[in-house]
Amino acid sequence: MDAKADRRGERRRSGRRTVGGEVRLLLRTVIAVALLLLVVNVATRAYLLAHIAPRIQQLRDAADDLDRLHAGLVDEETGERGFLATGSTVFLAPYETALPVVATASRELADRLPSGHLTRDLVTMEQAHQRWTDEWAQRAAHVQPQRSLDAFLLQGKSLFDTYRQAELKLHGDIERDITSATNVEDDWLLGSGIAQACITVVVVALALLARRRIARRVTDPVAALATAVDRISQGNLDVQVTVPEGPEELVALGRDIDAMARALREQMTIAEQRERDATRHGERLATVLGAAREVAGSLSLRYVMSSVAAAAAGLGCERVRVWLLDEETDHVLSLSFDTAAGPTGPEQVTSMRIGAGVVGRAARYGHPVGPEPVASGGTAVGVPLIVGGRVVGALECLHSDADAISASELEVLEALAGHAAAAISAAQLHEITVEHSVTDALTRLPNRRAFQNEFDEEVHRALRYRRPLSFITVDLDYFKQLNDRYGHAYGDIALQRAGDALRSELRESDRIYRLGGEEIGIVCPETSVEQAAYLAERLRAAVEASAGPDSPRVTASFGVAELPSHAGDARSLLGAADRALYGAKAQGRNCVVVEQGTVPAHQ
């Protein structure tokens, strides 16, 4: 009730009507005009029926009575004149018949005539009639024919003419009154028709005004609202509906349509933004999917890291670094790839303890960390690389813009990190498997399989480019006696120390292999036999010094051969080196022997 009262008060203050008010106003106008027409028509009919029509009928009845009265008197006069003329009583019958008719007509005529001038005329006529009756009619029936008959007839005619004049005057006055009453009736009907015509004109004028008012206050606003709604339905939301004049409901509806259009524009803007975000999110997911497909079939750790970093850069990261958990410790991350360093990776190994920075905390807690500002400027996000519930590393994504990384981008980076972790773990496992398959577990030197895979390739390259290639074969002296005397455990230690000593003296281009048992092979590309013999001597001395002060002495024999001086292919090169090794053993061991030449141990 309070709300309705408030709305009514607002409408009164604004001077606006409602649509119902406009309809009620029009209805009241129509009812008032209809009632006015009804009142004019009923009043006219009532007046005519109550006053004019009875008067006209009364006058017409009086005229009829007067006619019957006059007809009776004429019959009386005619019968009496016939009797006077012939003396026959037959002519008195009409006279006697007319007497009651005349009496009745005279009485009814007196009753019907209204007072006024007609009454005076009636009195004059009755006086003339009574005089004619008394002085002539009653005497005529008893008069005998005589010489004075003509005078008597003349007297009767004179009296009847006097009556006739009075009767004609009365009759004429009655007719005039009838005509006057008829004219009044006609005037009333004419006036009523004019009044009704005027009212009809007023009704038409009011209808036109009402039509203009309805058109201005209802139809035009409704049309404007309908046009606005139609434009909105067609997708045109740049509409503004204004109803300056009209019922309160239409004004309120216009405001509501404007508010709806604004809300739709806002929702459309939001929807367009969401569509752009969804499209961008889909593109990011497509990038992640492409990267997942790219790295899923690769077992190269470097390629996997490069592809993952490229995918992260494609998601909007300006710089991407891949940190992997160190193999020897589970609390250090090593920088393994950096997009700023190019495809070869970082030049220097950088380490970070787990728990330090966004990357260390991401690796420790197993969820994305950041964005956080960094000392170099911009922001950084750390995303852990998790596979099977185990953290294998973390992605570090850097931006120069502090607001560049959104929550949706972080979710996509997390999805990319999941695929990257699986691929990196698979690549690491593959590298470990490959390394184990070509690495001797005891000395951590490449084994015979690695030697077989790489030696033929080196020989082929040396022959193709006509470059020297030397091969050194090494065999520990009295190794079986060492095992028998001190045990295989010490023999393994002696072999490990010898392998470490040999590896420490080699150049970067040299390659060392454990060929089996205590036999070790060394491939020296771009190395002449002289250089190889010199290197072998250094290696011999290193092996001899590898034993500790309290350990048994360990020595080794060395055989050196060169391609193409001592052999023309891989097999013959191995044979030449073996012959030199046998020569070293024949020379007393702990020495270097070159095919077709010997370098003594003491030199």
Given (1) part of a loop (DSSP other than H, G, I, E, B); (2) crowded, with 17+ Cβ neighbours inside 10 Å, index of the condition Ser115 fails: (2)
Output for region 174-213, where each listed residue is of a type in the set (Lys, Arg) and out of contact with any Leu (no Cβ under 9 Å at 6 or more places or on another chain): Arg176, Arg211, Arg212
Residue, surrounded by the most Cβ atoms within 10 Å (Cβ to Cβ), within region 373-391, restricted to residues that are modelled with pLDDT of 70 or more, more than 14 Å from Val322 (Cα to Cα) and not polar (S, T, N, Q): Val387
Pick from region 541-571, criterion in contact (Cβ under 8 Å) with a residue 24 or more places away in the chain and charged (D, E, K, R), ranking: farthest from Cys591 (Cα to Cα): Asp569
Residue match in region 486-495 (condition: outside any strand (DSSP E or B) and closer than 23 Å to Glu595 by Cβ): no
Qualifying residue in region 149-156 (condition: in a helix (DSSP H, G or I), farther than 17 Å from Phe91 by Cβ and at pLDDT 80 or above): yes
Only one of Ser509, Ser504 that is among the polar types (S, T, N, Q) and either assigned to a strand (DSSP E or B) or within 19 Å of Glu457 (Cβ to Cβ) (or both): Ser509
Residues located in region 87-114, provided they are closer than 12 Å to Ile174 by Cα and not basic (Lys, Arg): Leu109, Leu113, Pro114
Verdict on Ala570 being in contact with a strand residue (DSSP E or B) (Cβ under 8 Å, 6 or more places away or on another chain) and either modelled with pLDDT under 90 or closer than 22 Å to Leu495 by Cβ (or both): no
Subset tally (residues that are among the β-branched types (Val, Ile, Thr) and surrounded by fewer than 17 Cβ atoms within 10 Å (Cβ to Cβ)) for region 452-506: 0
Contacts under 7 angstrom Cβ, first residue in region 94-113 being more than 24 Å from Ile56 (Cα to Cα), partner part of a helix (DSSP H, G or I) and small (Gly, Ala, Ser), 6 or more apart: Pro94/Gly79; Tyr95/Gly79; Ala98/Gly72
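Please determine whether any residue of region 23-46 is closer than 26 Å to Asp150 by Cα and touching a Phe, Trp or Tyr at 6+ places or on another chain (Cβ under 8 Å).
no
The values are calculated or read from the model by the stated rules, or taken from the named source; none is laboratory data. Here the structure is a predicted model, which means the values were calculated and not measured. Methodologically, a virtual Cβ is constructed for each residue, glycine included, from the backbone with ideal geometry; neighbour enumeration extends over all protein chains shown.
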